[in-house]
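Each reported figure results from applying straightforward, stated rules to the coordinates on display, with no laboratory input. This is a predicted model, so every value here is computed, not measured. Note that each Cβ is placed from the backbone with ideal geometry, even for glycine, and that neighbours are counted across all protein chains shown.
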Amino acid sequence: MMNPSSNLIPRRKFLVTGAAALGLAPLAYLRAQQGSPNDEIAMGIIGCGGQGSSNMGNFLGIRGVRVVAVCDVDSNNMNGAKARVDGHYKNTDCKTYAHYADLLKHPGLDVICLGTPDHMHASIGIAAAKAGMDIYGEKPFTWGLAEGRLLIDAITKNKRVWQTGSWQRSAGEFRRFHALIQNNTLGKLTRLECGTPSGMSLQQHVPADQVAKLIGKSPANLDWAGWCGPVKNFPYHPLLHPWNWRWHHTFGGGQLLDWVGHHVDIALWSLALDHTGPVKMEGTGTLGNHEFFNSYINYSYQGTFADGKVLEVRSDFGGTKFTGEKGWIHVDRGRLEASDPEMLRNLPADYDSKPPNHWQNFIDCVRSRKLPASYAEGAHRAASFGQLAIVAMDSKQAVKWDPKTEKVLGNAEQAKHPRLGARIIKA
């Protein structure tokens with residue numbers, strides 16, 4: 001596959017021949033055109049709650065980055081983010097925007113951090129790419145599979161840098177696992193397993209006896225239509241925002257899609273399969289027993305690739321575990337273990353034992369125009385693995401899939417599944 005970084009250029013347009021003649025590196029030209037003090041990269045935050053707030057904290061700690069604007073459809077989140085940014089810089093300069101399209105017009109903006117619910121990733125990501133922004137975006141890559149390809153097209157066409165919040169690719173134990181597998185530590189692989197969480201960790205935002213009374217009555221601090229985006233005419237429900245949206249299939253994908261961009265992503269990356277998809281997906285799952293929320297709480301699914309590899313994903317354990325003719329290696333957050341501990345020493349001679357900072361890696365790639373640790377195609381392929389699993393479980397049939405055209409084969413009804421479509425809106 002062609003290296004996507006080969007298409008990346010700085011945000012500001014310039015004549016390549018003229019820049020080359022002057023001996024200007026991409027960032028040098030960027031600096032000259034912006035006149036930015038201390039060569040700072042100006043960042044906007046879209047989605048300031050939860051993971052968006054956490055990411056913002058990481059970027060506030062990076063030299064050469066300045067958060068200049070924040071945006072959230074919840075004014076409480078937005079105003080809280082502004083106060084945090086202003087407190088960090090000890091001024092009142094941070095601008096607030098109620099709509100992402102307005103933030104994207106902020107003068108001198110270079111990059112955005114995208115931390116909204118899943119159903120808004122594609123719309124905002126595409127708009128940001130078209131506006132010339134580099135993007136740090138959360139996983140899963142998109143809510144729907146076809147809109148994921150549209151987002152990649154926008155990133156590629158506009159020559160943007162995209163880093164996904166699949167930070168495990170930059171964590172020590174996962175990097176070692178990847179290196180060990182790439183170094184053929186296990187010999188011929190015989191079983192490939194991933195474990196992602198079960199259940200629904202529901203949060204009770206309002207008293208249970210008040211829920212029914214508040215349905216359809218969004219609070220003054222929340223732009224409900226803006227929050228819903230491409231999901232039209234969905235009645236306000238007081239339990240959806242700010243956390244539980246992930247348990248409703250219209251907006252999220254439960255634990256399955258929350259975690260497919262972590263442990264499954266590590267498996268695909270380690271197998272060098274993060275540029276393609278399975279040719280068959282099958283599986284079963286149990287939906288949560290709740291009157292409103294409807295994500296899968298237990299599941300087991302398997303994707304088969306063209307080379308015969310089968311990747312199993314279950315909700316009864318955690319991490320990524322590969323078994324081969326020489327034993328097994330299992331990685332999870334904070335631990336890396338093997339059937340024979342000596343196997344953990346089989347690292348390539350050029351292995352760099354110092355883990356990179358995932359957020360710094362994004363900023364470094366904004367400057368260098370190189371491919372970041374968790375690039376767009378890999379993020380899309382991880383998300384699509386989970387999206388195809390949901391299609392298989394919903395339809396109770398195996399999905400036959402062409403990973404090149406990204407089309408269902410031989411089943412017109414499955415092909416109509418919402419997860420395979422594109423629900424996006426214009427800025």
Legend entry - Proximal charge balance of Ser300 [Cβ under 9 Å; K/R count +1, D/E count -1]: -1
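Which net charge results for the neighbourhood of Cys94, defined as the other residues with beta-carbon distances under 13 angstrom from its beta-carbon, given Lys and Arg at +1 and Asp and Glu at -1? Could the numbers behind the result be given before it?
On the way: positive: Arg66, Lys82, Arg84, Lys90, Lys95; negative: Asp72, Asp86, Asp93.
Neighbour charge sum, excluding Cys94 itself: +2.
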Inset, instruction - Go ahead and set up a Gaussian network model of the chain, Cα springs under 10 Å, then flag whichever of His358, His417, His290 fluctuates most. - result: His290
Legend entry - All lysines inside 20 Å of Lys321 as judged from Cα atoms, apart from same-chain residues fewer than 8 positions distant: Lys188, Lys309
Inset, instruction - Choose one answer from Ile135, Ile62, Ile363: the residue with the largest mean-square fluctuation in a GNM of the chain with alpha-carbon springs under 10 Å. - result: Ile62
Legend entry - Hz values of 3J(HN,Hα) by residue in the range 333-342 - Karplus curve (6.51, -1.76, 1.60), Gly and Pro given as x: 4, x, 8, 9, 9, 9, 4, 10, x, 4
Legend entry - Label point distance in nm, Asn357-Asp209, each placed 7 Å from Cα along Cα→Cβ: 5.0
Legend entry - GNM result for the chain, Cα springs below 10 Å: residue of Gly216, Gly277, Gly252 fluctuating most strongly: Gly216
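Taking GluC sites (Glu not before Pro) as exposed when DSSP calls them loop (any state but H, G, I, E, B) and at most 12 other Cβ atoms lie within 10 Å, what is the longest stretch of the chain free of them, the sites themselves excluded?
On the way: sites that count: Glu291, Glu325.
Between the exposed loop sites, the longest stretch runs 1-290.
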Inset, instruction - Anything in the chain that counts as a DSSP H helix reaching 27 Å or more along its axis (C-alpha) with Kyte-Doolittle mean of at least 0.0? List them, would you? - result: 376-395
Legend entry - Identified option (computed Cα extents along the principal axes in Å; candidates [x] 87, 59, 42; [y] 63, 58, 41; [z] 80, 41, 38): [y]
Legend entry - Distance between modelled label sites at Thr284 and Leu189, nm, 7 Å Cα→Cβ extension: 2.6
Legend entry - Spin-label zone in the range 366-399 - amide nitrogen under 12 Å from a point set 7 Å from the Cα of His275 along the C-beta vector: 377-378
Inset, instruction - Name the residue farthest towards the positive end of the dipole of the chain from the options Thr250, Thr196, Asn357, assuming +1 on Cβ of Lys and Arg, -1 on Cβ of Asp and Glu, about the Cα centre. - result: Asn357
Legend entry - Sparse-neighbourhood loop sites, trypsin sites (Lys or Arg not before Pro) in the range 388-427 - DSSP loop, at most 14 other Cβ within 10 angstrom: Lys396, Lys404, Lys416, Lys426
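Under 13 Å from the Cβ of Asp74, count the other residues' Cβ atoms, weight Lys and Arg +1, Asp and Glu -1, and hand me the total.
Working: positive: Lys82; negative: Asp72, Asp223.
Combined, the nearby Lys, Arg, Asp and Glu give -1.
Filter the cross-link list Lys95/Lys217; Lys139/Lys416; Lys280/Lys416 down to pairs whose alpha-carbon distance in this structure exceeds 20 Å. Write out the running numbers ahead of the final one.
On the way: Lys95/Lys217 29 Å; Lys139/Lys416 24 Å; Lys280/Lys416 17 Å.
Checking Cα-Cα distances, Lys95/Lys217; Lys139/Lys416 exceed 20 Å.
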